[in-house]
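In what follows, a single structure is set out as structure tokens and then discussed.
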Amino acid sequence: MCEKRLLVTEFLDINGSLPHWLTPSVRRAGWKAWPLPYEAIHILGPSGYRSMILKVIQELRPHVLLVHAPYDYLSQDICDKIRKLGTKIIGLTLDDDQFANTWGQKVWDDFHSRFDLWITTANNSKKTGAIPILWTISPESIRIDDPAAPFNEVVFMGNYSKEREKLIELIAAKGIAIACYGKGWMNGSLTRPSRLGVMRRTKLIIIPYDPGSIFRVVEAALIGVKQIIEFNDHWQKHFVDTLPTSYTSAEECAEIISNNEVVEWKNIPTWEKQWPELMKRLTLEKLPNRSGSHALEQLYIILSHTYEQQRNFLGMMSCLDAWSYISPEDWGPKFARLRIYYKMQNWEKIIELSEEIRKEIKDIPYATQESPIIFPSNLRGLGESHSVNPTVEIEAMRLYAFLKADQVNNAVQEIKNMSLSMKTAIRKTAFSLMDFMRDSQIWEALNQK
């Protein structure tokens, strides 16, 4: 069979609930896998989102599309059109328990009708006919960090209640320093990077049972921090063989922690094992080879600039990674990364990356290259310099990085080889106005004809 392809709903924003949760693992299993960014729905709306999905399917021709119901917005008609293109549709439901009072046979029939395979992490699969799976995420999903996250001896991660306040008081009474995070506590809820940062900087985590708390259990396990969970029958559906250390009462929890009886839980289910098992349930069609999708590429680009406007540079970097994966020959992602490294003041990285782009950027019209025009507006796509010629941005930022890295001689040497129009354009950039005029060697070199 030709190379197998997967399109899967994932957040590109690392603050989303499911960033990079599956694609890295499926790629290790030998598939090509592209994230279908769920946050696009906030830009396109429900109808625009599903029409975009159909367009991507038409271009990419993936063997499998995996979406999260009921957040997929795929109508029966759209699903039928996708199937006619040879793509199998998997619907994964994570929140079945939250809809227990509203979902019934009509919903279950709808899922079985629209999806080739309905899989669930809920414990009611025998009743609904869905295929049960164990909840897990790819290790890449937890590689983000908040270096400013505080260090704590013990951390409680769950929403506030009077019963849980009693638990905290019992633990504190034993002389153990504990910090609480979640709705209702003084520290409040955490962003995902901060949550992972806090997890990395504590000796032990207490995780009570809440809908969705399995996410935190798996994150803690992948990080390698000790954890103790509140026992609940619902946990059984999420684990193989052994559960993490658990407690049934506040008194028991305090006792286990004070006696240092919590052990690290490592029996984590993996997608590398579960994905091949799921694929045995589907007969994949032989589809024509495809390397990418213009519509999906444009979506990555739009989201990357949207996150840049919002100053969400981690989300932007994730979008640029997706853009690079779908268009490995495009210099655009590197051009955008220069701006991130500029914000980070990573001068060495700017010097290194600008040299790479120089070798790759060969498709700028000559007239554009010879134009010294600088637009007087904050246009992110044209960079920090706002130059109509993108090579001006690259060269100006490179000189600026040389200056900041105390490599003025390198900057002067490169200026000697520049055209007059390039020198003129660089003198107009914000970089020159900020610092070049303070360094007589660089400024004199830029003014030489």
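Considering only Trp118, Trp185, Trp265, the mean-square fluctuation computed in a Gaussian network model of the chain, springs between alpha carbons under 10 angstrom, is largest for Trp185. Shown for the stretch 152-259: the carbon plus sulfur share of the solvent-accessible area, taken with all protein chains present and a 1.4 angstrom probe, equals 49%. With the highest mean first, a sort of the peptides 93-99, 317-323, 403-409 on other beta-carbon atoms found within 10 angstrom per residue produces 317-323, 93-99, 403-409.
Once the Cβ-Cβ distance of Ile256 and Arg28 is raised to the sixth power relative to R0 = 41 Å, the FRET efficiency obtained is 0.70. Accessible area per residue for the chain, computed on protein heavy atoms with a 1.4 Å probe, is 46 Å². The Asn410 and Asn447 beta-carbon pair, evaluated with R₀ = 25 Å, returns a calculated FRET efficiency of approximately 0.85.
Axis of helix 41-60 versus longest Cα principal axis of the chain: the two differ by about 80°, to the nearest ten degrees. Shape class for the stretch 152-259, computed from the alpha carbon gyration tensor (a ≥ b ≥ c): rounded, with a/c under 1.5. In order along the stretch 119-134, the phi-based Karplus estimate (6.51 cos²θ - 1.76 cosθ + 1.60, θ = phi - 60°) of 3J(HN,Hα) comes to 10, 8, 9, 7, 9, 10, 5, 5, 6, 9, x, 6, 8, x, 9, 8 Hz; Gly and Pro are listed as x. Over the residues of the chain, the helix contribution to mean residue ellipticity at 222 nm works out to -13500 deg cm²/dmol, using -39500 (n - 2.57) for each DSSP H run of at least 4. Between helix 162-173 and the chain there is an angle of about 80 degrees, using the helix long axis and the longest principal axis of the Cα atoms. Taking a point 7 Å from the Cα of Ala177 along the Cα-to-Cβ direction, the residues of the stretch 151-165 with backbone N closer than 16 Å to it are 151-156. Near Ala33, the amide H atoms lying under 5 Å from its own belong to Leu6; only residues 5 or more places off or on other chains count, and H is placed 1.01 Å from N.
Using a probe radius of 1.4 angstrom, the carbon and sulfur fraction of the accessible surface of the stretch 315-424 is 52%. In percent, rounded to a whole number, the relative contact order of the stretch 152-259 is 28, using alpha-carbon pairs under 8 Å and six or more apart. Computed over the stretch 297-362, relative contact order equals 25 percent, with contacts defined as Cα pairs under 8 Å that lie 6+ residues apart.
Distance distribution P(r), the chain, all Cα-Cα pairs, bin width 10 angstrom from 0: 4, 18, 23, 21, 17, 11, 5, 1, 0 percent. To the nearest 10 degrees, how steeply does helix 313-326 sit against the main Cα axis of the chain, on a 0 to 90 scale? Tilt relative to the chain: about 80 degrees.
Extending 7 Å from the Cα toward the beta-carbon at both Glu285 and Thr424 defines two label points whose distance is 5.8 nm.
Amide hydrogen proximity for Glu10: with H placed 1.01 Å from N in the peptide plane, the residues at 5 or more positions away or on another chain lying under 5 Å are Leu36, Tyr38. Taking a ≥ b ≥ c as the square roots of the Cα gyration tensor eigenvalues, the stretch 223-301 comes out prolate, since a/c reaches at least 1.5 and a/b is larger than b/c. On the principal axes of its alpha carbon atoms, the stretch 297-362 extends 27, 26, 15 Å, with the longest extent given first.
DSSP finds beta bridges in the chain, and of those with both partners inside it, around 5 percent are antiparallel.
Amide hydrogen proximity for Ile89: with H placed 1.01 Å from N in the peptide plane, the residues at 5 or more positions away or on another chain lying under 5 Å are Leu65, Asp116, Leu117. Measuring nothing but how far apart in sequence close Cα pairs (under 8 Å, 6+ apart) lie, relative to its length, the chain scores a relative contact order of 13 percent. Under the simplified labelling scheme, the Asn312-Asn417 pair shows an inter-label distance of 4.1 nm, with each label point 7 Å from Cα along Cα→Cβ.
Across the stretch 396-404, rounded Karplus estimates of 3J(HN,Hα) from the backbone phi angles (6.51 cos²θ - 1.76 cosθ + 1.60, θ = phi - 60°) give 5, 5, 5, 5, 4, 5, 4, 4, 5 Hz, Gly and Pro being marked x.
The values are calculated or read from the model by the stated rules, or taken from the named source; none is laboratory data. Please read all numbers here as calculations on a predicted model, not as lab measurements. Neighbour counts run over all protein chains shown; Cβ positions are idealised from the backbone, glycine included. Note: areas computed on protein heavy atoms with side chains; ligands, DNA, RNA excluded. Shrake-Rupley method; radii C 1.70, N 1.55, O 1.52, S 1.80 Å.
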